[in-house]
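The values are calculated or read from the model by the stated rules, or taken from the named source; none is laboratory data. This one's a predicted model, so the numbers in the text were calculated from it and none came from an experiment. Cβ placement follows ideal geometry from the backbone for every residue including glycine, while neighbour counts extend to all protein chains displayed. Accessible surface areas use protein heavy atoms only, side chains included; no ligands, DNA or RNA. Shrake-Rupley method; radii C 1.70, N 1.55, O 1.52, S 1.80 Å.
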Amino acid sequence: MPKKPVPRPEDEESHLKKLREELEMSQEDLARELGVSSQTISRWELGKNVPTFTVKQMKALEKLLARIGRSIGDLPDNL
(Lines give C-alpha, C1' and ligand atoms only; values in the text may rest on other atoms or scores of the structure.)
Protein backbone atom coordinates (compact mmCIF):
# COMPACT_ATOMS: atom_id res chain seq x y z
CA MET A 1 0.00 0.00 0.00
CA PRO A 2 1.49 3.43 -0.97
CA LYS A 3 2.41 5.91 1.72
CA LYS A 4 -0.08 8.65 2.37
CA PRO A 5 1.41 12.13 2.05
CA VAL A 6 1.65 14.16 5.21
CA PRO A 7 0.88 17.83 4.51
CA ARG A 8 3.55 20.15 5.85
CA PRO A 9 2.86 23.17 8.01
CA GLU A 10 2.90 26.34 5.93
CA ASP A 11 6.21 27.51 7.43
CA GLU A 12 8.10 24.24 6.92
CA GLU A 13 10.03 24.16 3.68
CA SER A 14 10.35 20.78 1.98
CA HIS A 15 13.68 19.06 1.47
CA LEU A 16 12.91 18.90 -2.25
CA LYS A 17 12.37 22.67 -2.42
CA LYS A 18 15.64 23.30 -0.57
CA LEU A 19 17.43 20.96 -2.95
CA ARG A 20 15.84 22.63 -6.00
CA GLU A 21 16.91 26.03 -4.72
CA GLU A 22 20.43 24.74 -4.02
CA LEU A 23 20.51 23.58 -7.65
CA GLU A 24 19.34 27.10 -8.63
CA MET A 25 16.45 25.67 -10.61
CA SER A 26 12.83 26.69 -10.99
CA GLN A 27 10.05 24.16 -10.58
CA GLU A 28 9.74 24.17 -14.37
CA ASP A 29 13.46 23.45 -14.82
CA LEU A 30 13.43 20.55 -12.37
CA ALA A 31 10.22 19.19 -13.88
CA ARG A 32 11.79 19.22 -17.34
CA GLU A 33 14.90 17.39 -16.08
CA LEU A 34 12.83 14.72 -14.32
CA GLY A 35 10.20 14.38 -17.04
CA VAL A 36 7.24 15.43 -14.90
CA SER A 37 5.01 18.49 -14.83
CA SER A 38 5.77 21.59 -12.79
CA GLN A 39 2.47 20.93 -11.00
CA THR A 40 3.88 17.56 -9.88
CA ILE A 41 6.96 19.29 -8.47
CA SER A 42 4.70 21.77 -6.67
CA ARG A 43 2.57 18.98 -5.16
CA TRP A 44 5.72 17.16 -4.00
CA GLU A 45 7.10 20.32 -2.41
CA LEU A 46 3.81 21.04 -0.65
CA GLY A 47 3.58 17.50 0.66
CA LYS A 48 0.36 16.83 -1.25
CA ASN A 49 1.95 13.85 -3.01
CA VAL A 50 4.88 11.60 -2.13
CA PRO A 51 7.55 11.53 -4.84
CA THR A 52 8.25 8.18 -6.42
CA PHE A 53 11.00 8.09 -8.99
CA THR A 54 11.62 5.83 -11.95
CA VAL A 55 15.14 4.60 -12.65
CA LYS A 56 15.42 7.18 -15.44
CA GLN A 57 14.40 9.94 -13.03
CA MET A 58 16.87 8.71 -10.40
CA LYS A 59 19.67 8.87 -12.97
CA ALA A 60 18.65 12.42 -13.91
CA LEU A 61 18.53 13.37 -10.22
CA GLU A 62 21.95 11.81 -9.70
CA LYS A 63 23.41 13.97 -12.51
CA LEU A 64 21.83 17.09 -11.02
CA LEU A 65 23.23 16.27 -7.57
CA ALA A 66 26.71 15.74 -9.03
CA ARG A 67 26.65 19.40 -10.13
CA ILE A 68 26.66 20.43 -6.47
CA GLY A 69 28.97 17.69 -5.22
CA ARG A 70 26.26 15.54 -3.69
CA SER A 71 24.86 12.09 -4.33
CA ILE A 72 21.60 10.18 -3.91
CA GLY A 73 22.93 8.81 -0.63
CA ASP A 74 23.11 12.36 0.77
CA LEU A 75 19.35 12.86 0.42
CA PRO A 76 17.03 12.46 3.39
CA ASP A 77 14.66 9.51 3.38
CA ASN A 78 11.68 11.88 3.40
CA LEU A 79 12.55 13.92 0.33
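Taking 0.36 nm per intervening residue step and subtracting the Cα-Cα distance, what contour gain separates S26 from R70 on full extension?
13.9 nm
Can you give me the % of accessible surface on segment 7-79 that is carbon or sulfur? Probe 1.4 Å, all protein chains present, nothing else counted.
46
Compute the Cα gyration tensor for segment 10-79, then decide on rounded, prolate or oblate, letting a ≥ b ≥ c be the square roots of its eigenvalues: rounded whenever a/c is under 1.5, prolate when a/b is larger than b/c in the other cases, and oblate in all that remain.
In terms of gyration-tensor shape, rounded.
Run the simple label-point estimate for D77 and S38 please: 7 Å along Cα→C-beta, distance reported in nm.
Distance between the two pseudo-spin positions: 3.4 nm.
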